[in-house]
Amino acid sequence: MEIRCPYCGYSGEVPKEKIPSNAKWAVCPRCRQRFELFQDVVFEEVGNEGESRGPSLREKSPWERRDELGFWPAVGQTLKAVLFSPQKMFSRMTIEGGMKEPLAFGLLTGSLGNMFGFFWQLILMSVGVMAFSAPFFGHLGIWFILLIMVVFVPIFVLIGIYVYSAVLHLLLLIVRGAGNGFEATFRVVCFSQGVQVLGIVPLLGGWVAGIWKLTAQIIGLKEIHETSYLRVIIAFLIPVFFVILLVMAVGIPLIIHLLRSTHVPSGIWR
């Protein structure tokens, strides 16, 4: 059997008969991380020539192992995986396991990221960089706005995660790219919220987070549903296509009407 460390990727072959039946934990000889052997590790059967046979078992995310790793190490490892190696993370992440844990991570990181984004906007408004700052703060005040933000941002993030996941999964169903069910889509949406922490960077952080979150979702959906990039990208482009059709359906008749209304009859100069 081949055992691969879920943290650093180090792997080694071990005779199956030498693995104790009651073994639950292993320690990687390279990174010294302790992991649950038969639940979190990528565990494959290998043939005589070293070729793996059969699909590998998926693993839990570090966030879902925070009882073992500790809260902050689990958060840090999950954020690092989402930001720097989404392909590796989502290709190995378990498809099932409940939606509570992914939702908790998405709600935490998504709320913090959006709060930072709003905070920088408030700073710009308070120094007069953005318009209407004086009347805005004159009626409400910056601390009252911050209080409202702390209360309502998590609610909007929570609703947004569910609605976005449902719509995105429907689009994937249309292109036949959602083979592993709604929970798989939901997990990608939730864990991709970790990219929102880039909102801590003033001004450009929110823009970068938005672009990279979309990229991480495309990669994650492709990997977790075991489909193609083409299907995932088409699913994302379906709403854009309908918006373009809507604009054309409304805009073309409007332009024709404006052109006709501004046409001057030739007989008016006689």
* Structure fact -> Within the stretch 77-91, the residues that are surrounded by fewer than 22 Cβ atoms within 10 Å (Cβ to Cβ) and of a type outside the set (A, V, I, L, M, F, W, C) are Gln77, Lys80, Ser85, Gln87, Lys88, Ser91
* **Yes/no for Leu245 being among the hydrophobic types (A, V, I, L, M, F, W, C), touching a residue at least 60 places away in the same chain (Cβ under 8 Å) and farther than 19 Å from Pro86 by Cβ** => no
* Please list, ordered by first then second residue, the pairs with beta carbon atoms under 6 Å, 6 or more apart or interchain, first in the stretch 198-219 and under 23 Å from Met93 (Cβ atoms), second surrounded by fewer than 18 Cβ atoms within 10 Å (Cβ to Cβ) and not charged (D, E, K, R). => Leu198/Val208; Ile219/Gln87
* Asked: Is there a residue being assigned to a loop (DSSP other than H, G, I, E, B), at pLDDT 90 or above and within 18 Å of Val197 (Cα to Cα) anywhere in the stretch 64-81?
  -> no
* To do: Could you please let me know if Val243 is among the aliphatic types (A, V, I, L, M) and crowded, with 18+ Cβ neighbours inside 10 Å?
  => no
* Does Gly12 satisfy the condition of being at pLDDT below 75 and either in a loop (DSSP other than H, G, I, E, B) or over 21 Å from Gly76 (Cβ atoms) (or both)? -> no
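The values are calculated or read from the model by the stated rules, or taken from the named source; none is laboratory data. Source: prediction; values computed, not measured. Note that we place each Cβ from the backbone using ideal geometry, even for glycine, and neighbour counts take in every protein chain shown.
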